[in-house]
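The values are calculated or read from the model by the stated rules, or taken from the named source; none is laboratory data. Here the structure is a predicted model, which means the values were calculated and not measured. Reconstructed Cβ throughout: ideal geometry from the backbone, glycine too, with neighbour counts over all protein chains shown.
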Amino acid sequence: MNLAELERKLIAAARANLPGESVPYAFEKRILARIASHPIVDNGALWARALWRAAAPCVAVMLLFAAWSFFVHAGNSSSGDLSQQFENTVLAAANQDSPAEAIE
């Protein structure tokens with residue numbers, strides 16, 4: 001069906017049926033008051049509240065792990081420097097002899 005023809009028919013039907021006077025007194029005010037009574041959900045506030053509540057446990061876990069790493073490292077001084085261990089691990093493949101050098 002053609003949209004222009006459908007629009008013309010709908011407008012003609014609306015003009016043929018005049019609105020009635022049966023709308024209750026102050027209907028609009030009651031509807032607007034009901035709409036205004038429902039609070040608007042603020043998603044940003046919900047996220048902010050949840051993140052602030054999660055901040056304290058995160059700080060507690062961070063302090064727990066910091067203390068654990070400090071006391072483990074202080075009790076085990078034979079393990080050496082962590083930076084040196086990291087460098088040895090990263091460069092372990094480069095420090096191996098190549099097969100051509102092993103044959104000679």
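Cβ separations smaller than 9 Å between residues 6+ apart or across chains give no pair from the range 80-93 residues that are modelled with pLDDT under 85 and part of a loop (DSSP other than H, G, I, E, B) to residues that are surrounded by 10 or more Cβ atoms within 10 Å (Cβ to Cβ) and among the basic types (Lys, Arg). Which condition breaks for LYS29 when tested against (1) of a type outside the set (Val, Ile, Thr); (2) surrounded by 10 or more Cβ atoms within 10 Å (Cβ to Cβ); (3) at pLDDT 90 or above? Tallying (1) of a type outside the set (Val, Ile, Thr); (2) surrounded by 10 or more Cβ atoms within 10 Å (Cβ to Cβ); (3) at pLDDT 90 or above, LYS29 fails exactly one: (2).
If you scan the range 1-11, which residues turn out to be surrounded by 10 or more Cβ atoms within 10 Å (Cβ to Cβ) and aliphatic (A, V, I, L, M)?
LEU6, LEU10, ILE11
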